[in-house]
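Take a look at the structure below.
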Amino acid sequence: MPLYLNELKSNPAVAALTFDNNVKLDLGKWPETKVIPSPRVGFNWDVFKNRVLKVRGGTGIFTGRLPFVWFTNQPTNSGMLQNTVELTSTATLDSIKFNPDPFYNMGATNYNTTTKTHDPLFPMTAGTKPPSSIAAIDPQFKMPQVWRTSLAADIKLPLDMSLTLEGTYTQDINAIVQKNLNLKPADIAHYDGPDRRPVWSTAGRKVYSNLSEVMLLTNTNRGYSWTFTAQLNFPIVRNFNGMFAYTASMAKDITGNPGSQAASAWSNNLSVRGQNDLDLSYSQYLTPHRLVGSLSYRFEYLKHAATTISVFYSGYVAGNFSYRYSNDFNNDGVNADLIYIPKDQTEITFEDYIVGGVVKYTAAQQASAFWAYVAQDKYLRNHLGQYAERNAAFFPWYHRFDVKILQDIFVNIGGKRNSLQVSADILNFGNLLNPNWGVRKELTLNNGSILSSRIVSNKPVFKMVEAGGKLPTSTFKNVNTTASTWGLQIGLRYTFN
């Protein structure tokens, strides 16, 4: 049961406003305090009562917390607790005076230029006007909740091996989403051409032109994830052990809330129809496939020495990204628009790329480079004629091997073992064998921004975005840092008794 111990102050200037969908806000109230039940049930069944096959699982509701900075956004953006005053004229510089009244700078000034004094009784009264950026919490807001179900089997195999199979499904009940109540619905149907997304006119996109944004923290139940893991452990012979595991995952959400404040958590979402109308799409934290494994063998010899050799492997799809325009394509005031992928050359018009009055790339050169780029990119060539999905393009697999060698020398002194151990860790061992192995990749195009656009007679025309001063030819490039090279660490440890 969340408890809110701080009393808030209502801003009458905000309470008097009516936002999109006739919503009114009272910034002096926290969400309703309610008990949040989280019932769960689980089981663990030894099927044959000999631990050869154990089945376990459970289902229930899990409640968590959100980053509470989004709660503090409401009082700190209400115009009743703090305010930002910007003085841009030198004639007003004398008015920058310290005043012990904490509400002194909350409204319109009442500075006497003759006496150079202020009225001591609240000359700048809080609540006389709304702040330019407002953040509020839905009165019915609920803490994040999911319904999670898991089922697993632990199977004992010959040679003392064991196999674990486990699956988990999670459904959002109350996920978190931000809405901008100061953004009107799109007032232009669409541009001419194949891209039919709604767009905004500059004059018609805000409810109140003097406010930048009015954020509302609220809930959505759209979102889910699942994982499946298979893990094999095999201590087959003495001093030898190993494991291998594979995990497949899927996660889709409305938003990962990619920001530390309400406005940034909203505006950093990539979208087709604007940040108030987000599609269910791939989570930015998704790793759809992952393999891990290890092998280790220790052998002793000469009665005073032992060597241990271990190999560790990790392979996974190394992240995802989105294809976006580099500018505000739909004119909603936010530079976060997913591209429409043309199905053929008739659906996209390029214009000359001019730098300093000189044509650097002609429209024809850009068209040729664009379609060559599409042909080499797995995601783009498989989604022609569609809108790019958020976080739906994936990085290639990344594979890495690490090797650890331990050399122990031990001797008994007074009936107790004393040992000297030398260790060598060869990091990214594959890169030592082949300079093309274990190399990390990054996007050639920053943030997937492949096209810039402008509107001519209600029709978009495009330019390709440069990468490193030239038109891009490949989706990925090597990360040429120590993250992609092999390394060696040497350690020494002496143990005595």
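Residues being more than 30 Å from L445 (Cα to Cα) and either among the basic types (K, R) or touching a helix residue (DSSP H, G or I) at 6+ places or on another chain (Cβ under 9 Å) (or both): count how many of those fall in region 385-428.
Total satisfying the criteria: 6.
The rows are residues; the columns are (1) of a type in the set (S, T, N, Q); (2) farther than 30 Å from S368 by Cβ.
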| position | (1), (2) |
| --- | --- |
| V411 | no, yes |
| S423 | yes, yes |
| L427 | no, yes |
| N434 | yes, yes |
| T444 | yes, no |
| K470 | no, no |
| F476 | no, no |
| N497 | yes, yes |
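Failed condition for D402, given (1) assigned to a loop (DSSP other than H, G, I, E, B); (2) in contact (Cβ under 8 Å) with a residue 24 or more places away in the chain; (3) surrounded by fewer than 20 Cβ atoms within 10 Å (Cβ to Cβ); (4) of a type in the set (D, E, K, R), with all others met?
(1)
Report, ordered by the first and then the second residue, all pairs with beta carbons closer than 6 Å, sequence separation of six or more or different chains, a first member in region 468-484 that is more than 23 Å from F429 (Cβ to Cβ) and of a type in the set (D, E, K, R), and a second member that is modelled with pLDDT of 95 or more and assigned to a loop (DSSP other than H, G, I, E, B).
K477/T444
Can you tell me how many residues in region 281-305 are of a type in the set (A, V, I, L, M), at pLDDT 95 or above and surrounded by fewer than 15 Cβ atoms within 10 Å (Cβ to Cβ)?
Within region 281-305, residues that are of a type in the set (A, V, I, L, M), at pLDDT 95 or above and surrounded by fewer than 15 Cβ atoms within 10 Å (Cβ to Cβ) number 1.
Residues are listed down the side, and each one gets a yes or a no for (1) among the basic types (K, R); (2) farther than 20 Å from L427 by Cα; (3) assigned to a strand (DSSP E or B):
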| residue | (1), (2), (3) |
| --- | --- |
| L291 | no, no, yes |
| Y297 | no, no, yes |
| E300 | no, yes, yes |
| Y316 | no, no, yes |
| F329 | no, yes, no |
| N335 | no, yes, no |
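Any chance region 82-92 includes a residue that's closer than 28 Å to L211 by Cβ, modelled with pLDDT of 65 or more, in a loop (DSSP other than H, G, I, E, B) and in contact with a helix residue (DSSP H, G or I) (Cβ under 9 Å, 6 or more places away or on another chain)?
Within region 82-92, one or more residues are closer than 28 Å to L211 by Cβ, modelled with pLDDT of 65 or more, in a loop (DSSP other than H, G, I, E, B) and in contact with a helix residue (DSSP H, G or I) (Cβ under 9 Å, 6 or more places away or on another chain).
In region 423-473, which residue that is under 23 Å from D337 (Cα atoms), part of a strand (DSSP E or B) and aliphatic (A, V, I, L, M) is nearest to the chain's Cα centre (by Cα)?
L443
Of the residues N241, N210, N180, only one is on the phi < 0 side of the Ramachandran plot and surrounded by fewer than 17 Cβ atoms within 10 Å (Cβ to Cβ); which?
Only one candidate qualifies: N210.
So S368 clears everything in (1) assigned to a strand (DSSP E or B); (2) without any contact (Cβ under 8 Å) to a residue 12 or more places away in the chain; (3) among the hydroxyl-bearing types (S, T, Y) except one condition, right? Which one?
Unmet for S368, out of (1) assigned to a strand (DSSP E or B); (2) without any contact (Cβ under 8 Å) to a residue 12 or more places away in the chain; (3) among the hydroxyl-bearing types (S, T, Y): (1).
Report whether or not R273 is free of Cβ contacts under 8 Å to residues at least 40 places away in the same chain and over 30 Å from F312 (Cβ atoms).
Against the criterion (free of Cβ contacts under 8 Å to residues at least 40 places away in the same chain and over 30 Å from F312 (Cβ atoms)), R273 does not qualify.
Would you say G469 is under 29 Å from Y301 (Cβ atoms), out of contact with any strand residue (DSSP E or B) (no Cβ under 8 Å at 6 or more places or on another chain) and loosely packed, with under 14 Cβ neighbours inside 10 Å?
When the stated conditions are applied, G469 does not pass them.
For region 1-21: of the residues being out of contact with any strand residue (DSSP E or B) (no Cβ under 8 Å at 6 or more places or on another chain) and outside any loop (DSSP other than H, G, I, E, B), which is surrounded by the most Cβ atoms within 10 Å (Cβ to Cβ)?
A13
Residue by residue through region 337-355, note down the ones that are in a loop (DSSP other than H, G, I, E, B) and free of Cβ contacts under 8 Å to residues at least 12 places away in the same chain.
D352, the sole residue that qualifies.
Consider only pairs whose beta carbons are under 6 Å apart and that are at least six residues apart or on different chains; among these, list those whose first residue lies in region 436-458 and is free of Cβ contacts under 8 Å to residues at least 12 places away in the same chain and whose second residue is crowded, with 18+ Cβ neighbours inside 10 Å.
none
Of all residues in region 244-267 being crowded, with 17+ Cβ neighbours inside 10 Å and in a loop (DSSP other than H, G, I, E, B), which is farthest from the chain's Cα centre (by Cα)?
Selected residue: Q261.
The values are calculated or read from the model by the stated rules, or taken from the named source; none is laboratory data. Bear in mind the structure is a predicted one, so any value in this text is a computation, not a measurement. Please note: Cβ atoms are built from the backbone with ideal geometry, for glycine as well, and neighbour counts cover all protein chains shown.
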